[in-house]
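Scroll down for the structure; my scribbles are underneath it.
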Amino acid sequence: MPSYVLGISGLYHDAAAVLLEDGKIVAAAQEERFSRLKHDAALPVRAAQYCLETAGIPVSRVDWLVFYEKPLRKFERIVSTAVATFPRSWRSFPRQMHHWLGDRLWLRANLTSAFGVSPERMMFCEHHLSHAASAFYCSPHDEAAILCVDGVGEWATTSLWRGSGSAIEPVSEVRWPHSIGLFYSAITAHLGFAVNEGEYKVMGMAAYGQPRFREEMSRLLRLDSEGGYSVDLDTFSWHWHPTEPATARLARLLGPPRFPGTPFTPRLDPLAQHHADVAASAQAATEEALLHLVRHAHAAVPAPALCLAGGVALNAVCNGRIAAEGPHAHLWVQPAAGDAGGAMGAAMWAWHGVLGNPRGPALRSCALGREVARDRTAELLADLGARFDDLGDDAPERAGRDLAEGKVVAWVDGREEWGPRALGQRSILADPRSAEVAERVNRSVKFREPFRPFAPSVRAGAAPRYFDIPAAAASTSRFMLSTHPVLPEAQAGLAAVTHVDGTARVQVVDADTSPRFDRLLGAFEEATGVPVLLNTSFNLKGEPLVSTPVDALAAFARSDLDTLYLNGFRVERMR
Amino acid sequence: MGLFRRAWLTVVSEVAWRIPGRPQRLLAAFALAERGSMLDMLSAVELTERRGLRKLYFRHALDEARHAALFAGRVRSLGAIGRAEAAIEDSGQLVEAGVVAGTTLFERLGEEEFLSFVYVAEADAVEQFEVLLARRLPDPETAATLHRILKDEHFHVSYARTEVERAAAAGRPMRRSMALHRWRRVGQAWLRFSSDFGALMGGFWLGLAYVVGVGPFRLLGRLEPGGWQRPERGGSSLAAARTEG
Amino acid sequence: MNQPPPPRAWLLRLGTAGALLSMLAHGSRWWMLPLVLFLLVMGAGLLFVASFPYVAPFIYTAI
């Protein structure tokens, strides 16, 4: 009889559930795809339900439920910090205690009542160990240095591990309140974006600026000679203020903060250019810090491979630089590197690290979520009076032709993606050659800021003709996790997906793991000679990726998309 | 309850809409409610057994999405600040404001109860908007927005009423169900108040605990230094894995 | 989820409180024990009042 381990993350942001059957991933899903609340933090009851349904088992068959944190350690850190920052923490202490004493501290009871698993069958994995496991056990490497960088877990904000076979051993860690993740979030807030949501926007904005605040940044984020770092705790206030991550000193150092929602016109407005320069400086400081940590990791754990996880590992520009300039021959990043990935890591840690089972194959595809049932889809389309054709297996070729005609296409195919990136299961696709298309997708399809870039998807064999992808990034580029230069001669032909700094967060599509998406790219190539497409996540502003046909049709109806492909059905625009 | 409710709405609206900055918050709350309602309607599209109603639910969901965008647009035009800004951007606010819970309304209520709830909620919204317009409380642009939205709300009331009447004609106790929904809405408002009041009082007591409990330990507390540190870890044994949770 | 009835939440919470105190007693922050004990008592009070949501405002007022 197979053994089942259910990994759970949640209660901060990006709650998720992952089910392993004898160590093999059966299903993995984020709660937001079910609740439709972006970054949903609630205990992932519906995601877990989906995982169990996919395996066809009741919850009583689950051998172990593994939570991705040790809440008592976290509580210890919160109380200890309140003591150390007395009396400045007078505003944050009552809020945090109300939250913790009223609910979060009693996790064992809450998990029991939410999931129906007996407390004797629960394990709790340290937050950073969950991240480390999510990167290492999913990677193809037997020996690796593992680096985790995020906001904060229990105490660790950055941690280094040695992965060997089925074992992960701690090497060293940087502790709260010193945190690169929180440094980046503080700058995100300073630039008028929401923390835990707007970090991608800072990355996009950075390309429009010059890093002329390098010196100021080096005072805020100080790299030491031991390969570590510390932050300026006189400027940052995340350890004692409930809502403001920085004091007024930050504005004195970096100039006035950006008001949320201010139009961004860097070449016309000096203040916007100033903010772009701040973004560029913060991004450069983060990249330097990450490279500094990676070099230390290589010295402390001299393995040819580096595995990365934690929210900061979703900074694709940093990953691109680590692959190009870092000392490791191979880079592997968990596709759901943020807290969602903790669910996968916690489950895998229990299976391999605690229960001592040998490693399985590496993660090769992110198509681990819900699938669209074709009969339900046909019924739904008929009920809604949609105009549609059933193309069945010919959908990729027809979609390729639609794209060649300049249409903006939504593509829903198979199981949805694990992690924040759309990789050809829930994507909006368009012709990558024209900058006007990109502008249209930003303005009237996704309703998002015009400075945010779009990513390209390219057929594996053609990638070297368009992009300068270092060998170390072979795996990260499959999951759209690293940014690389677009070759100068290819930039004009890929205007919609080449960012202002000449780079792109490219996805290299492998025909083995994404056969239908590869066929779609092939059809577009046949019509245009270009084996590349603009690929952005199929969601509208402020919403998670679409999951079901109903989500897809609702997003389709509310945007300016031309055509929707829904698991083989081609749906015309609904007016 | 009708006359009493209208009088109550009039008094509350007269006060609330005249406080500076308050209209933004109220409009943000409307935007949140519409977003929450959209999620409920999409869940109904997904789950309904009555295929004939699917298209109506879907149209209703799209209306709610449009209304949410219209209200959010008004919040921005009026100069959103603080919580109002967050409310229109952040999904977490839907949970905080109690607009969405662990399950959707359709999942909790089932088809008929859901329809009677839709009728009650939409009729209440119509009444609320009519009071606001009659008292000329919103600015002219917001009033124009409310007029546009009212047309859709009348349609929602109308289709929900048709379905409720159909169910009543089939012998279902719909009148009782609608009365229960009305009282449930009052109960939920009280629970929201209770929760907010609890947070306030809890904050007071915990603030007191901070002064008398945390203060005396100040000299013992220290922040961790920066740089790499040796990790303190419990290991990967099964016994260690089951602790600290 | 199709689940067996959970054990009584209060017993589990008591176990969690014990585990927390034990963790502190065996670690370097043992000096936080009295403070955390004090907070746990307050937490029990908060949880108790919150378990009667309809009358909670009256209980708070009475206190």
For this session: Express in whole angstrom the spacing between the alpha-carbon centres of segment A:193-238 and segment A:508-533.
Result: 38 Å
For this session: Would you calculate the volume per residue, in Å³, of the smallest convex hull containing every Cα atom of segment B:2-195?
Result: 121 Å³
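Got the relative contact order for segment A:374-572 handy, in percent, Cα pairs under 8 Å and 6 or more residues apart?
Relative contact order here is 36 percent.
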For this session: Measure up A:407/B:55; A:74/A:541; A:38/A:541 against 21 Å on the Cα-Cα distance and list the ones that go over.
Result: A:407/B:55; A:74/A:541
Problem set entry | 5 angstrom amide H check on residue A:27, placed H, neighbours 5+ away | A:19
Seminar exercise, completed: About its Cα centre, segment B:144-191 carries a charge dipole, from +1 on Lys and Arg Cβ atoms and -1 on Asp and Glu Cβ atoms, whose size in debye to the nearest 20 is 200 debye
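Can you give the mean number of other chain Cβ atoms that lie within 10 Å of the Cβ atoms in peptide A:113-119?
Other-chain Cβ atoms within 10 Å of each residue's Cβ, averaged: 5.
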Exercise. Tell me, what HN-Hα J-couplings in whole Hz come from the Karplus equation 6.51 cos²θ - 1.76 cosθ + 1.60 at θ = phi - 60° for each residue of segment A:484-501, using x for Gly and Pro?
Worked result: 9, x, 7, 4, x, 6, 9, 4, 5, x, 10, 4, 6, 10, 9, 6, 4, 9
Seminar exercise, completed: Interchain or sequence-distant (5+) residues whose placed amide H lies within less than 5 Å of the amide H of residue A:229 are A:224, B:227, B:228
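How much length is gained on full extension from residue A:103 to residue A:63, taking 0.36 nm per residue of separation minus their Cα-Cα distance?
Answer, rounded to one decimal: 11.8 nm.
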For this session: Could you please state, rounded to a whole Å, how far the C-alpha centre of segment A:347-386 is from the C-alpha centre of segment B:112-177?
Result: 40 Å
Problem set entry | Within the protein assembly as shown, helix-based [θ] at 222 nm, where runs of 4 or more DSSP H residues each add -39,500 (n - 2.57), nearest 500 | -15000 deg cm²/dmol
Problem set entry | Cα centroid of segment A:444-484 to Cα centroid of segment A:123-149, whole Å | 25 Å
Exercise. Taking H as built 1.01 Å from N, whose amide H comes closer than 5 Å to the amide H of residue A:334, not counting residues under 5 places away?
Worked result: A:308
Seminar exercise, completed: Fewest to most Cβ atoms within 10 Å: B:15, A:532 sort as B:15, A:532
Problem set entry | Relative contact order (percent, whole number), chain B, Cα cutoff 8 Å, 6+ residue spacing | 19 percent
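Specify whether the C-alpha gyration tensor of chain C places it in the rounded, prolate or oblate class, a ≥ b ≥ c being the square roots of the eigenvalues: rounded for a/c under 1.5, otherwise prolate if a/b is larger than b/c and oblate if not.
oblate
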For this session: Apply the membrane-span-like helix rule to chain A: whole DSSP H runs, Cα extent along the own long axis of at least 24 Å, mean Kyte-Doolittle hydropathy at least -1.0. List the helices found.
Result: A:270-300
Exercise. In percent, what relative contact order does chain A have, based on Cα pairs under 8 Å that are 6 or more apart in sequence?
Worked result: 16 percent
Problem set entry | Folded to 0 to 90 degrees: helix C:9-25 orientation relative to chain C principal axis, Cα | 20 degrees
Exercise. So what J values fall out for segment A:211-225 if you push phi through Karplus, 6.51 cos²θ - 1.76 cosθ + 1.60 with θ = phi - 60°, rounded to Hz, Gly and Pro as x?
Worked result: x, 8, 10, 4, 5, 4, 5, 5, 7, 6, 10, 9, 8, 9, 6
For this session: Give me the angle, in degrees from 0 to 90, between the Cα long axis of helix B:174-209 and the longest principal axis of the Cα atoms of chain B, rounded to the nearest 10.
Result: 20 degrees
Problem set entry | Sequence-distant lysines (8 or more away, or on other chains) whose Cα lies within less than 24 Å of residue A:24 | none
Seminar exercise, completed: Taking Cα atoms, the helix B:140-169 axis meets the longest principal axis of chain B at an angle in degrees (rounded to 10) of 70 degrees
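Here, each number is a calculation from the coordinates, and none is a lab measurement. These numbers were taken from a predicted model, which means no experiment stands behind them. A quick note on method: Cβ atoms are made from the backbone with ideal geometry, for glycine too, and the neighbour counts reach across all protein chains shown.
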